[in-house]
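**Student:** There's a structure below that I have some questions on.
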Amino acid sequence: MGYYDNPPIIDFSKGYDYSQGILNASNAFVQGMNARADRKRQEEQQQELTIKRLQERKYEVDLAYNDKLSDWSGKQKNTNTEVDNQIYGIVQEAITTAADNRIRLLNETNPAKRQEYLQSIRDADALMTNTGQFAKVLAGQVATWRLNTPAIKVGEIGGNVVNGKDAKEILDNTAVLEVLGGMDKDYTDTKIDVQRNGDSIVLNVSGKRKDGTAFSMPINSKVFNTADQDANNGFLLSVESDDTFIKQAKEVVFDEKGKDIIPGLLSQTHYTFDLNSKGNSDAKGSGDVYQIKDGRMLQEDAIKKEIKKKAEVTATGLIAAAGSKPATLRTYINYTLKKGPEFYDKNFATIKDPTAQTEALTQMLTDHAWGKMTRELESSTVDGKKVYWAPDPNISIKGKESNAGKDKEEQEPTYLTEYYDNLINGYKPQPGEQVNGAKAAYRTRTGLVSTLNDLSGKVDRFITREDLEKQYGNAPYKSGNFDTGLTISEAIAKGKLKGNVKDFVKKIYGDSYIYSKEGEGSYKAVKNYNFNSATDRIKLALNYTANTGERKALQSKLKDARLADWFTNNPQKAGESEEAYINRARKNN
């Protein structure tokens, strides 16, 4: 014990040795002071150690959260600079608070405070996950609308449509996509605001349209993510293809080659029938009269009965899938089947009986397939009813010599002529439409693929690179023989598969803008053709889709294609008259 803790008692009555007593007291005092100094040093060392450990722990936590923020930022998809900056600031603030609270937990014993700190940490982690997914989905939809929509018509197969339960919501959602995508020339007073809401954010896009009507769309990231995952209810929906159904329907109507209708579905009687005038008419409206000779009519009822069998199976599957994704069925009916933007809500959704819904959709699919199959066929009105004639009819001017007695190979297959003219013309922008070269080339390729498929009689004989990449990216990703439940695109996004879809397609199938189907799941790059050249487009069609007789009959189309290419590559000179320009074209062709 130290001097101050237990001082010595000096008894002066017994002749105490003063010097020894003083010495002993001094020693006790020194010992006490040394002990106190040791304890103080130990306390200071312990305090320094604790502070050092806290500093090290804080450094580790800060480093971990900085790594999280860096990783999160690196994986963010660029939605809109204003949105990205606001979200980044919110996330940074959340994880800074979470890091500090993780340190406070080391010394906090109050249960309420500990729960508060733990909740802030959980919210920060959830916020990062939530906002990352939100940014990815929203950025993808904004980019699709901004970049792809001008090249693919809105509401057309292979394109997109803005989602919404009614006309107002569709307009508001369109405004959100366009403002976020920088396409805001038709809007004024636009504002983008992001606020934190617990473990999610609320993005609000507001402004006015040119007509003065205002819009304000608050979007909760958690609700948006759930809606997009569970019910396909994001802002943008894809207009799905009807290729699979049309292919199945054609298989019960056309022969194996896909060009001629099965004889049992045609009239047994052969007809000679006058058609509406196609020749030059004089001022009184008279002109040449064309005839179908030896023609056979399609048996509409019999054909629709066969189509209906396939349609019922497809309708059942679509309605079953609509249980979890109603927006997909709405888009399919309104746009793929071309019923119109409000048809589903006004006419189909009002049918409550599941059996009646299936019957209604079956009829729509049947009529849709019938319309696609007959759109290129000659038609006439007989006894007040529209009838269609079998493909490749023998048509000639009434009263003039027919081609019926000539070698069939010498006749140009008239039902193919329109296809080849489409190939020569390629994509032509509408008056006033602003389309750059890349978009025009893309539309020409998609039109080329569609026409080649029509010529071949198979809806999936050819495919564009963009559609093949989409098809490949949506295919299941398997690890060994195990189905991971992910698509290939999702596996790439999650880092389970290294690379990108474009390179995979190029490596597996070759490098081209167009591919031909060689077997189920097997494609071959179509090479050595310039798809922007009318001449090469015709050569491609002749080489891939025409038989010997057709090639001989359609050789004249090559001359037309070469002339079209010449006009494209040799624009009219300044000051050159139309007549001189045409003469120059003739001289060079």
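**Student:** Every residue in the stretch 436-466 that is part of a helix (DSSP H, G or I), at pLDDT 80 or above and not β-branched (Val, Ile, Thr), please.
**Tutor:** Correct list: Ala441, Tyr442, Arg443, Arg445, Gly447, Leu448, Ser450, Leu452, Asn453, Arg465, Glu466.
**Student:** Which ones in the stretch 378-390 are surrounded by fewer than 16 Cβ atoms within 10 Å (Cβ to Cβ) and in contact (Cβ under 8 Å) with a residue 24 or more places away in the chain?
**Tutor:** Listed by number, the list holds a single entry, Val382.
**Student:** Here's another thing I want to ask about it. Determine whether the stretch 239-246 contains at least one residue that is β-branched (Val, Ile, Thr), at pLDDT 80 or above, under 28 Å from Leu452 (Cα atoms) and surrounded by 14 or more Cβ atoms within 10 Å (Cβ to Cβ).
**Tutor:** yes
**Student:** Of the residues that sit in the stretch 187-230 and are among the aliphatic types (A, V, I, L, M), surrounded by 13 or more Cβ atoms within 10 Å (Cβ to Cβ) and without any contact (Cβ under 8 Å) to a residue 40 or more places away in the chain, which one is farthest from Gly89 (Cα to Cα)?
**Tutor:** Ala227
**Student:** Hey, another quick one. Considering only residues that are of a type outside the set (A, V, I, L, M) and more than 21 Å from the chain's Cα centre (by Cα), which ones fall in the stretch 495-511?
**Tutor:** Lys496, Lys498, Lys507, Tyr509, Gly510, Asp511
**Student:** In the stretch 472-490, which residues are over 17 Å from Gly140 (Cα atoms) and surrounded by 17 or more Cβ atoms within 10 Å (Cβ to Cβ)?
**Tutor:** Once the filter is applied, which keeps residues that are over 17 Å from Gly140 (Cα atoms) and surrounded by 17 or more Cβ atoms within 10 Å (Cβ to Cβ), the stretch 472-490 yields Tyr472, Tyr477, Leu486.
**Student:** Looking only at the stretch 335-373, count how many residues are over 24 Å from Phe254 (Cα atoms) and crowded, with 21+ Cβ neighbours inside 10 Å.
**Tutor:** 2
**Student:** Tally the residues that are surrounded by fewer than 19 Cβ atoms within 10 Å (Cβ to Cβ), basic (Lys, Arg) and closer than 25 Å to Asn569 by Cβ, restricting the search to the stretch 498-539.
**Tutor:** The qualifying residues number 2.
**Student:** Please give the number of the condition Ala580 fails out of (1) farther than 30 Å from Gln133 by Cβ; (2) in a helix (DSSP H, G or I); (3) in contact (Cβ under 8 Å) with a residue 24 or more places away in the chain; (4) not polar (S, T, N, Q).
**Tutor:** (3)
**Student:** It is to be established whether one or more residues within the stretch 334-353 are of a type in the set (A, V, I, L, M) and closer than 30 Å to Ile262 by Cβ.
**Tutor:** Among the residues of the stretch 334-353, at least one is of a type in the set (A, V, I, L, M) and closer than 30 Å to Ile262 by Cβ, which makes the answer yes.
**Student:** With respect to the numbered conditions (1) of a type outside the set (S, T, N, Q); (2) closer than 29 Å to Thr81 by Cα; (3) within 29 Å of the chain's Cα centre (by Cα), which one is the sole condition not fulfilled by Asp166?
**Tutor:** It is condition (2) that Asp166 fails.
**Student:** Run down Lys507, Lys498, Lys539 and say which single residue is charged (D, E, K, R) and within 17 Å of Asp565 (Cβ to Cβ).
**Tutor:** On inspection, the qualifying residue turns out to be Lys539.
**Student:** Run Asn347 past the list (1) over 23 Å from Asp301 (Cβ atoms); (2) not assigned by TED's automatic domain parsing to the domain that holds Phe254 and report the number of the one that doesn't hold.
**Tutor:** Among (1) over 23 Å from Asp301 (Cβ atoms); (2) not assigned by TED's automatic domain parsing to the domain that holds Phe254, Asn347 violates only (2).
The values are calculated or read from the model by the stated rules, or taken from the named source; none is laboratory data. These numbers come from a predicted model, not from an experiment. Neighbour counts are summed over all protein chains in view; Cβ atoms, including those assigned to glycine, are modelled from backbone coordinates with ideal geometry.
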